[in-house]
1. When the residues of the range 74-93 are filtered to those that are at pLDDT 95 or above and under 9 Å from the mean Cα position of the chain (by Cα), which remaining residue is surrounded by the fewest Cβ atoms within 10 Å (Cβ to Cβ)?
2. Name the single residue that is farthest from the chain's Cα centre (by Cα) among those in the range 41-73 being of a type in the set (Gly, Ala, Ser) and modelled with pLDDT of 95 or more.
3. Restricting attention to the range 65-80, report how many residues are assigned to a strand (DSSP E or B) and not hydrophobic (A, V, I, L, M, F, W, C).
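The values are calculated or read from the model by the stated rules, or taken from the named source; none is laboratory data. Keep in mind it's a predicted model, so treat the numbers as computed, not measured. FYI the Cβ positions are ideal-geometry reconstructions off the backbone, even for glycines, and counts take in every protein chain you see.
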Amino acid sequence: MAPRRFFGKVINVHQHEETRAPLSFDLDGEQHEIQEVMSSWQDYGMPNDGRKHKWIQRHHRNYFRVRTTSDEAYEIYYDRGVSMNSPKHMKWYVTRQL
């Protein structure tokens, strides 16, 4: 499946209070209600920039492929940053529309 659009943008995500699963997100001034989480996975890999990295610099990302109520599919992820004590680095991103 070839992506329809690439983004790489920070987004605002509304999450379920207990499970923290994404319920909706705001993209380009529009709110997208999530109908279904089609798949999810975690990424703990190292940055791919050709340099040597310490283990603490690995990714801490939770990815989700979601379908909205308007039948659009997106890949979004939650970047937990390098420190759980530093919420300024914890952000949601949309990577692409599928």
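1. Checked the range 74-93; the qualifying residue surrounded by the fewest Cβ atoms within 10 Å (Cβ to Cβ) is Glu75.
2. Pass one, the range 41-73, residues of a type in the set (Gly, Ala, Ser): 45, 50, 70, 73.
With modelled with pLDDT of 95 or more added as a condition, the list becomes 70, 73.
On the way: Ser70: 19, Ala73: 13 Å.
Here the residue is Ser70.
3. Number of matching residues: 8.
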